[in-house]
Each structure stands twice: as C-alpha cells, then as structure tokens.
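Asker: Structure in structure tokens, see below.
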Amino acid sequence: MTEPNNGIDRLIHEPARLTLVANLYVVDSADFTYLSRRTGLTDGNISSHMTRLEDADYVSVTKTFEGKRPRTTYKLTTTGRKAFDKYRNHLTGILDPN
Amino acid sequence: MTNQHDLKALEQEAFSNAYSDGIFDLFVGISLIWIGVAWLWLPDLAGLAGILPAVFIVPMIEIRKRLVEPKIGYVKWSDARESQERRTLTQMLGFGVLVLAVGVGVFFITTQTDADTDVLANVVPALPAWLLGIGAGLFGFVSGVGRAFWYAAILSVAGGVTIWLDQGPGVGLFVSGILITLIAVTMVVSFFGRYKTVEAS
C-alpha cells in the first residue's frame with residue numbers, strides 16, 4: 001500500500017507504524033511484549049497498527065504458546081523490508097538530495 | 001529520521017537494553033568474589049575456583065531467560081547480530097585460552113627456570129585481575145556493551161592496588177567482585193522495579 005503524489009509510503013510513514021517497522025527491521029522477529037516495551041505504545045495501538053501492516057503483507061504474525069503463555073510474534077516480510085528500504089531511500093532523497 | 005546510522009544505533013540500543021537486567025553482571029560479580037575467596041582462604045581450591053562459574057553459566061543463562069523474557073519480551077536478533085555474538089564468544093574463548101597460556105608460562109618462568117623474575121614476580125599477583133580487565137574491555141569493544149569498560153577499569157585498578165598493597169591475586173579479584181556485584185544488584189533492582197507486570201503477548 002503506497003503512495004500518494006509525493007511518493008511516501010503512508011502505511012509506514014504514520015509515526016507509530018514507523019516506530020514499529022523500524023524496531024522490527026533491525027531484528028529477525030519479536031513478540032508483542034518486546035514491541036510494547038520498545039515503542040511504549042498501548043496494546044490496542046500496537047494491535048491495530050500491526051493488523052494494518054499484516055493486511056498489507058508487510059508483517060507476518062505467528063501465534064504460539066510458551067508453556068501456558070500465549071506469544072504473538074511479528075516478523076517483517078520480504079515485502080515489508082523492501083517497502084521500508086524504499087521508504088528510507090525516498091526520504092533520504094527528499095531530505096538530503098546531495 | 002531512520003537513516004542507516006540511526007538504524008544501527010537503534011539495533012545497538014535494543015541489544016544493550018535487552019541485557020540491562022544485571023543478572024549476568026551479578027553472575028560475574030559473584031564468580032569473582034568466589035574466586036577471590038578461594039584464593040584468599042581456600043588456597044587448595046584456588047586452581048579449581050574458576051571451574052564453578054563455568055559449570056553454572058548454562059543454568060544461569062536459562063534462569064535469566066525465564067526471569068527476564070516475560071518482562072521485556074522475546075526477540076530473535078538478526079543474522080548479523082547472531083553472527084557477531086558467535087564471533088564474540090569465539091574471541092572470548094580464544095582470549096581465555098591465551099590467559100591460560102600466559103598463566104602457565106608465568107608459572108613456568110617463575111618456578112622452573114633460573115631467569116631473573118623479580119619484576120615478573122612483583123606483577124604476577126595483578127595478572128589475573130589485569131587479564132580479566134583486558135577481557136572485559138575486549139568484550140565491551142566487540143559487543144558494544146558500554147559498562148564492560150567500567151568493569152575493565154575496576155579490574156585494572158584492582159590489579160594495581162594488589163601490587164601496591166603487596167597482596168596476592170585474591171584481594172583484587174574479591175574487591176572487584178564486590179564492586180561489580182553492587183553495580184549488578186542496583187541494575188537488577190532497577191530492572192525488576194521497572195518491569196513489574198508481565199504482559200501477555
């Protein structure tokens with residue numbers, strides 16, 4: 001899901017989603033608790049944003065159990081990583097054209 | 001903005017934060033105290049004192065995982081980070097072998113040869129703390145964990161004080177262990193105070 005006239009990926013550009021995507025980009029995968037601790041976002045916020053990212057195939061979601069505790073693990077897909085790379089390159093081009 | 005530099009800093013900060021609980025530091029501090037105690041008061045066991053921490057390191061890792069992961073969540077680091085960790089472990093093991101070789105060499109020179117060993121004999125008591133300090137510094141350099149440099153400084157000063165006070169190696173290690181343990185306890189209390197609730201994911 002992209003791009004209005006200025007070419008910025010609005011799905012990633014939203015501040016909360018940008019934080020989530022950036023934190024997932026620098027790791028292989030992470031669970032809900034990790035993202036909650038790292039971003040400071042509320043549970044509802046994370047859930048809704050991750051749903052949108054999953055719907056766009058930017059993120060894959062895996063639900064498992066660690067003993068009796070549920071664990072929801074998120075991982076950027078190849079599509080998501082490419083989209084983030086494109087987003088970063090695009091912003092770099094805007095902010096530092098030299 | 002999230003440029004390449006910031007992403008590197010983000011990853012490093014995430015990694016450092018994941019080990020801010022202090023449990024591993026506590027293990028290091030208590031190990032140093034134990035080795036120092038063994039050297040000071042259990043000289044017959046001094047040579048074997050280092051084996052006990054090595055035996056407990058695997059259970060410690062598992063215990064830490066069970067205590068910390070529910071608090072800060074689960075993360076699988078990138079392939080690059082895990083490769084770096086494997087390299088760090090290999091380098092630390094190599095350094096440990098080097099330390100052992102140096103220790104054996106010094107022992108050989110001071111006890112089995114006619115070499116003039118006065119200078120060497122004066123610094124030998126400081127060698128364990130100094131070598132561990134070098135190890136801590138190397139670890140800090142390769143892993144990016146900043147407080148390892150403080151531990152390196154503590155161990156280095158402890159080695160110097162050992163020579164100054166004309167004491168055996170146990171004193172420096174014992175005092176270093178106390179200081180590192182105090183730092184670790186502060187970290188543990190802070191961590192578990194900060195992450196009181198276990199969030200379901």
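Asker: How big is region B:1-92 by Rg and Dmax over its Cα atoms, in Å?
Answerer: Cα-based Rg and Dmax for region B:1-92 come out at 17.3, 59 Å.
Asker: Using only the alpha-carbon atoms, how far is helix B:79-112 inclined from the longest principal axis of chain B? Give it as 0 to 90 degrees, nearest 10.
Answerer: That helix lies at roughly 10 degrees to the long axis.
Asker: Something else about it: Based on Cα coordinates alone, diagonalise the gyration tensor for chain A, multiply each eigenvalue by 5, take square roots, and list the semi-axes in whole Å, largest first.
Answerer: The answer is 27, 12, 12 Å, longest axis first.
Asker: Could you run the Karplus curve 6.51 cos²θ - 1.76 cosθ + 1.60 with θ = phi - 60° over region B:176-184 and give me ³J(HN,Hα) per residue in whole Hz, x for Gly and Pro?
Answerer: 4, x, 4, 4, 5, 5, 4, 4, 5
Asker: Just to be sure I understand the model, the point goes 7 Å from the Cα along the line to the Cβ. What's the resulting A:Thr64 to A:Lys82 distance in nm?
Answerer: Taking the two extended label points, one gets 2.7 nm.
Asker: Please compute the per residue accessible area over the protein assembly as shown with all protein chains in place, 1.4 Å probe, rounded to a whole number of Å². If you can, show how the numbers build up before the last one.
Answerer: Values: 16490 Å² over 299 residues.
The answer is 55 Å² per residue.
Asker: Can I ask one more? Roughly how much accessible area, to the nearest 100 Å², goes out of reach of solvent when A and B pair up, both sides summed, probe 1.4 Å? Mind showing how you got there, number by number?
Answerer: Values: alone 6200 and 12660 Å², together 16490 Å².
The buried area between A and B, both sides summed, comes to about 2400 Å².
Asker: Next up: Between the helical axis of B:4-18 and the dominant principal axis of chain B, each derived from Cα atoms, what acute angle in degrees is found, rounded to the nearest 10?
Answerer: So the inclination is approximately 70 degrees.
Asker: Tell me, in nm to one decimal, what length is gained between B:Val185 and B:Ala101 on full extension, where the rule is 0.36 nm per residue of separation less the Cα-Cα distance? Before the final figure, lay out each step's value.
Answerer: Working: separation 84, 0.36 × 84 = 30.24 nm, distance 3.31 nm.
That pair, B:Val185 and B:Ala101, stretches by 26.9 nm at full extension.
Asker: Here is a further query. So, R0 is 30 Å and r is the distance between the beta-carbons of A:Thr51 and B:Ile63; what FRET efficiency does that work out to, to 0.05?
Answerer: Numbers: r = 35 Å, r/R0 = 1.18.
Result of the calculation: an efficiency of 0.25.
Asker: Run a plain Debye calculation on chain B (Cα atoms as equal point scatterers, no solvent) and give log10 I(q)/I(0) at q = 0.15 Å⁻¹, rounded to two decimals, same order as the q list.
Answerer: At q = 0.15 Å⁻¹ the computed log10 ratios are -1.01.
Asker: Further question on the same structure: Kindly provide the pair-distance distribution of the protein assembly as shown built from C-alpha pairs, with 5 Å bins from 0 and whole-percent values in order of increasing distance.
Answerer: Per 5 Å bin, starting at 0, the Cα pair percentages come out as 1, 5, 9, 13, 14, 12, 10, 9, 7, 6, 5, 4, 3, 1, 1, 0, 0.
Asker: Of the cross-linked pairs A:Lys63/A:Lys86; A:Lys86/B:Lys65; A:Lys86/B:Lys8; A:Lys82/B:Lys71, which ones have a Cα-Cα span greater than 26 Å in the structure shown? Each step should come with its number before you reach the end.
Answerer: Details: A:Lys63/A:Lys86 29 Å; A:Lys86/B:Lys65 36 Å; A:Lys86/B:Lys8 17 Å; A:Lys82/B:Lys71 31 Å.
Listed pairs above 26 Å: A:Lys63/A:Lys86; A:Lys86/B:Lys65; A:Lys82/B:Lys71.
Asker: Quick one: 3J(HN,Hα) in Hz for region B:69-78, Karplus 6.51/-1.76/1.60 with θ = phi - 60°, rounded, Gly and Pro as x.
Answerer: 4, x, 7, 10, x, 9, 9, 9, 6, 5
Asker: From the phi angles alone, apply the Karplus equation (6.51, -1.76, 1.60; θ = phi - 60°) to region A:48-58 and give each ³J(HN,Hα) in whole Hz, x where the residue is Gly or Pro.
Answerer: For region A:48-58, the Karplus curve yields 5, 5, 5, 4, 5, 5, 5, 4, 8, 6, 8 Hz.
The values are calculated or read from the model by the stated rules, or taken from the named source; none is laboratory data. Not measured: the values here are computed from a predicted model. FYI the Cβ positions are ideal-geometry reconstructions off the backbone, even for glycines, and counts take in every protein chain you see. For the accessible areas, the whole protein counts, side chains as well, though only heavy atoms, and no ligand, DNA or RNA atoms are used. Shrake-Rupley method; radii C 1.70, N 1.55, O 1.52, S 1.80 Å.
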